[in-house]
Amino acid sequence: MNMWKLVVIILPLFRLHHTQQLGKLIRFRNISRTDKRYSSYIARVHDSLLRRVLRGEKYLKLYSYHYLINGFAVLVTPDQVDKLSRRREVANVVLDFSVRTATTHTPQFLGLPQGAWAQGGGYELAGEGMVIGFIDTGIDPTHSSFSDHTSEHPYPVPAHFSGICEVTRDFPSGSCNRKLIGARHFAASAITRGVFNSSQDFASPFDGDGHGTHTASIAAGNHGTPVVVAGHHFGNASGMAPRSHIAVYKALYKGFGGFAADVVAAIDQAAQDGVDIISLSITPNRRPPGVATFFNPIDMALLSAVKAGIFVVQAAGNTGPSPKSMSSFSPWIFTVGSASHDRVYSNSIILGNNVTIPGVGLAPGTENDTMYTLISAVHALNNGTTVADDMYVGECQDSSKFNQDLIQGNLLICSYSIRFVLGISTVNHALETAKNLSAVGVVFYMDAFVIGFQLNPTPMKIPGIIIPSPEDSKVLLKYYNYSLERDIMTKRIVKFGALATICGGFKANYSSSAPKIMYYSARGPDPEDNFLDDAEIMKPNLVAPGNSIWAAWSSVGADSVEFQGENFAMMSGTSMAAPHIAGLAALVRQKFPNFSPSAIASALSTTASLYDKNGGPIMAQRAYAFPDQNQSPATPFDMGSGFVNATAALNPGLIFDSSYDNYMSFLCGINGSAPVVLNYTGESCWVYNSTIAGADLNLPSITIAKLNQSRTVLRSVTNVGGNETYSVGWSAPFGVSVKVSPAHFYIANGEKQVLSVFFNSTANSTTASYGRIGLFGNQGHVVNIPLSVIVKITYNTTKT
């Protein structure tokens with residue numbers, strides 16, 4: 001099978017060369033692309049091409065793409081690839097590539113109940129009529145977060161949506177309802193590669209992983225759903241737009257992630273079905289090759305989706321904190337980074353010497369602050385077990401290795417090694433061991449080789465704690481070993497003298513230092529190509545809550561082994577941040593149904609917050625190890641425009657609008673791009689009289705990759721509020737002088753105003769520097785425009 005290759009063949013839209021097909025084409029141009037006759041006809045055109053080119057040869061066509069792009073995915077040999085690529089009907093041949101997956105309190109943290117929800121009539125109406133399409137691992141339709149019977153106010157049927165629900169054994173009839181209105185799965189590429197396992201991946205929209213169920217409920221899960229984990233009630237959950245409808249397009253799977261051919265098919269179907277918003281918590285496994293990162297099948301399919309009026313949200317990726325680690329590239333995609341919110345769950349253990357050690361663990365405490373004896377697992381082995389025989393026995397994975405008489409009624413100490421990080425050992429197995437041995441609870445200390453690893457709070461049904469710091473773990477072990485009494489002659493332990501009590505970790509604490517940018521959140525500058533040239537596009541666009549997020553979990557979810565069997569899970573990542581924005585975008589579109597995708601992006605961006613709850617600058621973690629000890633103020637390449645302000649986004653005052661033609665002019669301006677643009681879109685760059693650089697796109701930010709002496713950049717704003725007078729202020733990036741004109745302007749509702757921004761380099765530097773432009777309206781609107789200048793070049797004034 002190594003000789004076979006899965007490729008995506010792109011055909012320019014309607015570039016047909018047979019006169020007998022031309023009459024059919026004219027007729028089919030008069031019907032909607034959503035009409036089944038259209039899709040059937042395009043599929044027949046693709047089949048005819050394959051038969052003509054590969055006469056009598058074996059091949060396997062997986063998909064015909066017909067709504068957003070004209071093309072198909074096919075399994076062929078290298079020789080067949082060559083034959084196809086030489087045909088004049090074929091514009092582009094792209095090798096398939098792999099992709100990967102990158103809340104009880106966040107509505108309150110974002111101010112939704114008293115702000116954005118209240119403005120729209122309360123949570124009972126928040127997002128109503130909007131359809132959010134999720135390209136993810138599917139959904140568990142039995143979860144109460146997706147029921148349509150949780151409210152006395154019936155869900156409407158959105159007339160603009162035409163999707164269907166697949167019916168399979170795993171996803172039976174009745175799985176969909178007025179809340180979950182569409183569900184399909186796409187796995188042809190995975191199946192042809194031989195990596196699809198139907199027993200765990202489910203050949204249906206059902207979620208065998210948990211990730212898709214989690215992201216869907218963050219954006220649009222029902223309001224007031226009880227979160228019960230490990231028998232404890234952690235509050236009630238709600239999506240950002242709890243009245244929005246959900247449509248699921250499963251293209252990612254538990255065992256292997258996913259492939260571009262399947263993802264493009266999912267995007268194409270979602271657009272054809274009529275979704276309002278597409279949410280992708282996925283990123284490519286590698287930077288796309290070619291002229292520019294923007295030219296890949298997924299981003300180009302999403303460009304067509306934006307052309308159709310669909311707002312597209314994508315996770316930035318979890319590859320931070322290094323510069324240029326961004327995994328979402330294009331200006332028409334709204335890229336979301338991950339920030340913390342103010343709720344944290346902490347646990348602690350108090351030792352018999354009155355030392356308190358902090359830790360994590362969603363666990364009960366020991367009763368009545370009673371002190372219990374500590375017993376290390378390696379000191380409670382059966383006679384037939386030694387550490388020499390099993391070097392990992394201290395991880396407490398097998399109760400048969402231990403002496404129950406020693407452990408019963410005491411606290412069992414277990415080691416937490418890299419094997420837990422890799423999933424080889426699990427907290428659940430250690431808890432089962434403790435339960436079988438009648439231990440009061442479990443204390444995990446961190447192996448010295450696991451340096452700086454960040455732990456999510458883990459649910460435990462018995463008293464327990466994980467000490468994440470190796471230094472604190474040493475304090476525990478020093479006290480424990482010092483308290484042991486040994487026989488002078490045999491050195492055997494005759495008494496375990498160390499005592500401790502576990503305080504418990506069910507109670508949430510609230511921090512004033514939130515939000516902060518998480519260490520794993522991918523960073524800009526946006527890489528334009530594989531040579532890591534800087535694109536003049538600010539990425540990420542924005543940050544949103546993404547760390548320690550409670551949300552719905554699939555009944556068979558296995559993405560996090562610690563939450564197996566639970567109905568909710570706490571997860572972290574940019575995957576969790578993106579659906580926050582998808583849901584909030586639904587609120588914006590609900591209020592402004594005529595907003596273009598770029599107008600929605602502008603409303604979310606220009607109103608973002610630059611400060612944490614304490615009024616200080618938002619901080620960004622700079623290291624994987626000990627991130628809270630390695631942080632500094634966030635820049636636009638860390639947080640984009642800032643942290644989302646959901647309520648302000650519903651009243652932006654001014655917006656920056658960009659069209660499909662603007663994006664095409666930008667793509668045509670990339671050196672050597674004209675053939676690629678033609679291949680993907682069927683449009684010639686000659687149609688666009690002028691091209692524009694990335695910095696000249698009408699975005700709510702300005703990024704200049706290389707400022708060679710001076711440059712003027714224009715921005716156009718449109719007033720979507722009342723008549724207002726604005727004054728302009730700015731802070732210039734280091735090594736740059738800035739002037740904005742006009743410095744004051746009056747703008748009536750619906751009118752436009754052009755701003756001219758002059759940049760002048762005052763120092764030679766290759767280090768990025770940052771500034772801001774602020775537009776301050778006399779009716780209270782504040783419009784925030786971040787500035788980033790990377791390379792600065794000025795006149796050489798040195799005398800020789």
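The values are calculated or read from the model by the stated rules, or taken from the named source; none is laboratory data. All figures in this text were calculated on a predicted structure; none of them were measured in a lab. Cβ: placed from backbone, ideal geometry, glycine included. Neighbour counts: every protein chain shown. Protein only, heavy atoms only, side chains kept; ligands, DNA and RNA dropped before computing areas. Shrake-Rupley method; radii C 1.70, N 1.55, O 1.52, S 1.80 Å.
Points to keep in mind about this one:
- Flag: Ser602 matches the condition of being in contact with a strand residue (DSSP E or B) (Cβ under 9 Å, 6 or more places away or on another chain) and of a type in the set (Ser, Thr, Tyr).
- Criterion (aliphatic (A, V, I, L, M), more than 23 Å from Val313 (Cβ to Cβ) and out of contact with any Ser or Thr (no Cβ under 8 Å at 6 or more places or on another chain)) met by exactly one of Ala601, Ala625, Ala695: Ala625
- Of the listed requirements (1) assigned to a helix (DSSP H, G or I); (2) hydroxyl-bearing (Ser, Thr, Tyr); (3) surrounded by fewer than 20 Cβ atoms within 10 Å (Cβ to Cβ), Thr490 misses just one: (1).
- Of the residues making up segment 54-70, just one is modelled with pLDDT of 85 or more and open to solvent by less than 20 Å² (accessible area, probe 1.4 Å), namely Leu54.
- Leu542 vs. criteria in the same structural domain as Ser322 (by the TED database) and within 29 Å of Gly274 (Cα to Cα): yes
- Of the residues Asp342, Asp299, the single one that is more than 17 Å from the chain's Cα centre (by Cα) and among the charged types (D, E, K, R) is Asp342.
Residue-by-condition table, conditions (1) touching a helix residue (DSSP H, G or I) at 6+ places or on another chain (Cβ under 7 Å); (2) open to solvent by less than 50 Å² (accessible area, probe 1.4 Å); (3) closer than 20 Å to Glu528 by Cβ:
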| position | (1), (2), (3) |
| --- | --- |
| Phe637 | no, yes, yes |
| Phe643 | no, yes, no |
| Gly653 | no, yes, no |
| Cys685 | yes, yes, yes |
| Leu697 | yes, yes, yes |
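- Residues of segment 539-575 that are of a type in the set (A, V, I, L, M) and within 30 Å of Ile704 (Cα to Cα): Leu542, Val543, Ala544.
- Boolean, Tyr660 is surrounded by fewer than 20 Cβ atoms within 10 Å (Cβ to Cβ), touching a helix residue (DSSP H, G or I) at 6+ places or on another chain (Cβ under 8 Å) and among the aromatic types (Phe, Trp, Tyr): yes
- Counting the residues of segment 778-800 that are at pLDDT below 75 and among the hydroxyl-bearing types (Ser, Thr, Tyr) gives 3.
- Criterion: out of contact with any Cys (no Cβ under 9 Å at 6 or more places or on another chain), assigned to a loop (DSSP other than H, G, I, E, B) and in the same structural domain as Cys165 (by the TED database) - qualifying residue of Gly239, Gly235: Gly239
- Considering residues of segment 742-755 that are of a type outside the set (D, E, K, R) and not in a strand (DSSP E or B) only, the residue most open to solvent (accessible area, probe 1.4 Å): Asn749
- Meeting the requirement of 1 or more residues that are touching a His at 6+ places or on another chain (Cβ under 6 Å), the strands (runs of 3 or more DSSP E) wholly within segment 43-135 are 60-65, 71-76, 98-101.
- Yes/no for Ile517 being under 30 Å from Asn630 (Cβ atoms) and β-branched (Val, Ile, Thr): yes
- Within segment 104-145, being aliphatic (A, V, I, L, M) and within 29 Å of Ala271 (Cβ to Cβ) holds for Leu110, Leu112, Ala116, Leu125, Ala126, Met130, Val131, Ile132, Ile135, Ile139.
- Here Lys739 meets the list (1) part of a strand (DSSP E or B); (2) under 21 Å from Ala648 (Cα atoms); (3) open to solvent by 80 Å² or more (accessible area, probe 1.4 Å); (4) not β-branched (Val, Ile, Thr) almost entirely, failing just condition (2).
- Boolean, Asp82 is modelled with pLDDT of 80 or more and outside the structural domain of Asp209 (by the TED database): yes
- Residue in segment 392-415 that is of a type in the set (A, V, I, L, M) and open to solvent by 10 Å² or more (accessible area, probe 1.4 Å) present: yes
- Checking Ala705, Ala634, Ala620, Ala625 one by one, the residue that is assigned by the TED database to the domain that holds Asp299, of a type in the set (Gly, Ala, Ser) and in contact with an Asp or Glu (Cβ under 8 Å, 6 or more places away or on another chain) is Ala620 and no other.
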